[in-house]
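Here's the structure we're looking at; comments come further down.
The values are calculated or read from the model by the stated rules, or taken from the named source; none is laboratory data. Since the structure is predicted, the reported quantities are computational estimates derived from the model, not experimental observations. Heads up, the Cβs are rebuilt from the backbone with ideal geometry, glycines too, and the neighbour counts pull from every protein chain shown. To get the accessible areas, we keep the full protein, side chains included, count just its heavy atoms, and leave off ligands, DNA and RNA. Shrake-Rupley method; radii C 1.70, N 1.55, O 1.52, S 1.80 Å.
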Amino acid sequence: MSIAAETACPGAEGDRARFSDLYANVESYYSARVAKYGATPRGVDWSCQATQDLRFVQLLKLCDFSAPSSLNDIGCGYGALCGYLARRHPQAAIDYLGIDLSLAMVSRARRRFSAPGRRFKVGKTSPRRATYSVASGIMNVNVGGSRASWEGFVAEMLADLRRASLRGFSVNFVTGGADGTAAADAAPVQLYCTSPEPWIHYCERDLGCTVETIDGYGMNEVTLLARCNDC
């Protein structure tokens with residue numbers, strides 16, 4: 001039996017329906033990226049493995065791997081985090097579930113990384129509550145929406161992460177500039193740059209979390225570690 005709470009998270013399907021076009025655009029965009037560049041950092045709009053791994057370092061500062069835990073990887077792409085965990089935390093007992101909108105991404109992840117304790121699923125949200133949830137880069141590329149609609153989309157994604165997490169979740173935001181994100185050779189996109197303060201306040205006020213921020217790791221971005229106050 002999984003150590004995760006496998007019951008479905010309370011949903012907000014009516015809210016998510018408002019963003020159906022954005023979900024479709026995101027799926028189409030990343031499916032095209034992986035078709036062009038394959039299961040590589042460029043296939044998920046990062047410039048190289050070194051910066052991709054550096055982001056994983058920050059996101060995983062949320063997690064305590066000294067005890068068995070479960071982990072949702074939202075927007076898992078081709079499963080790069082799964083590979084990183086195997087290299088950097090080989091002794092950790094992690095029940096991993098990767099979720100992505102793109103079947104093309106999930107198919108590649110399954111071929112590369114499926115194993116006991118590692119699963120991948122096509123979807124918008126996690127079907128379970130895990131100890132932790134992480135999301136690397138999924139807030140940063142606005143594909144075809146106004147800034148206001150994208151920020152509504154981000155708020156819903158953060159709420160979904162909160163519902164899917166027992167102890168907490170972590171995400172990153174671009175604060176300025178770019179590092180191989182929102183490539184010019186793809187469909188019309190807009191890099192979403194933001195100050196972290198509104199999202200810190202949202203996570204604390206609306207989602208009932210205590211938020212720690214991490215920056216200064218050499219990129220124009222910030223990582224939010226949101227710990228659930230009711231855990």
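Output the qualifying pairs, or none if there are none: Cβ atoms under 9 angstrom, residues six or more apart or on different chains, first residue in region 201-217 and at positive phi, second residue among the charged types (D, E, K, R). Pairs that qualify, where the first residue is at positive phi and the partner is among the charged types (D, E, K, R), are 208/162; 208/230.
A residue that is of a type outside the set (A, V, I, L, M) and under 15 Å from the mean Cα position of the chain (by Cα) occurs somewhere in region 61-68.
Residue 18 passes every criterion in (1) at pLDDT below 95; (2) open to solvent by less than 40 Å² (accessible area, probe 1.4 Å); (3) out of contact with any Leu (no Cβ under 9 Å at 6 or more places or on another chain) apart from (2). For region 116-125, check the following and say yes or no: at least one residue is of a type in the set (A, V, I, L, M, F, W, C) and modelled with pLDDT under 95. No; the residues of region 116-125 include none that is of a type in the set (A, V, I, L, M, F, W, C) and modelled with pLDDT under 95.
State all residues of region 161-171 that are farther than 24 Å from residue 215 by Cα and assigned to a helix (DSSP H, G or I); if no residue qualifies, say none.
Looking only at region 161-171, we keep the residues that are farther than 24 Å from residue 215 by Cα, and these are 163-164, 166.
Scanning region 161-171 gives a single hit, 163.
Could you list all residues from region 194-214 that are more than 18 Å from the chain's Cα centre (by Cα) and within 14 Å of residue 174 (Cα to Cα)? Matches in region 194-214: 195, 197, 198.
Only one of the numbered conditions (1) within 21 Å of residue 67 (Cα to Cα); (2) small (Gly, Ala, Ser); (3) open to solvent by 40 Å² or more (accessible area, probe 1.4 Å); (4) touching a helix residue (DSSP H, G or I) at 6+ places or on another chain (Cβ under 9 Å) is violated by residue 168, and that is (3).
Conditions (1) closer than 25 Å to residue 160 by Cα; (2) touching a Leu at 6+ places or on another chain (Cβ under 9 Å); (3) at pLDDT 95 or above, marked per residue:
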site: 46; (1), (2), (3): yes, no, no
site: 71; (1), (2), (3): yes, yes, yes
site: 79; (1), (2), (3): yes, no, yes
site: 99; (1), (2), (3): yes, no, yes
site: 108; (1), (2), (3): yes, no, yes
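Could you please let me know if residue 176 is touching a strand residue (DSSP E or B) at 6+ places or on another chain (Cβ under 6 Å), farther than 23 Å from residue 97 by Cβ, open to solvent by less than 70 Å² (accessible area, probe 1.4 Å) and modelled with pLDDT under 90? Taking the combined requirement at face value, the residue satisfies it. Within the set of pairs 6 or more residues apart or between chains, which connect a residue that is assigned to a helix (DSSP H, G or I) inside region 146-160 to a residue that is surrounded by 18 or more Cβ atoms within 10 Å (Cβ to Cβ) with Cβ atoms less than 6 Å apart? Close Cβ pairs (under 6 Å, with a partner that is surrounded by 18 or more Cβ atoms within 10 Å (Cβ to Cβ)) amount to 150/142; 150/192; 153/19; 153/22; 154/139; 160/125.
Given 115, 92, 104, which one is within 29 Å of residue 191 (Cα to Cα) and small (Gly, Ala, Ser)? Show your work before the answer.
Numbers: 115 fails: within 29 Å of residue 191 (Cα to Cα); 92 fails: within 29 Å of residue 191 (Cα to Cα).
Sole residue among the options that is within 29 Å of residue 191 (Cα to Cα) and small (Gly, Ala, Ser): 104.
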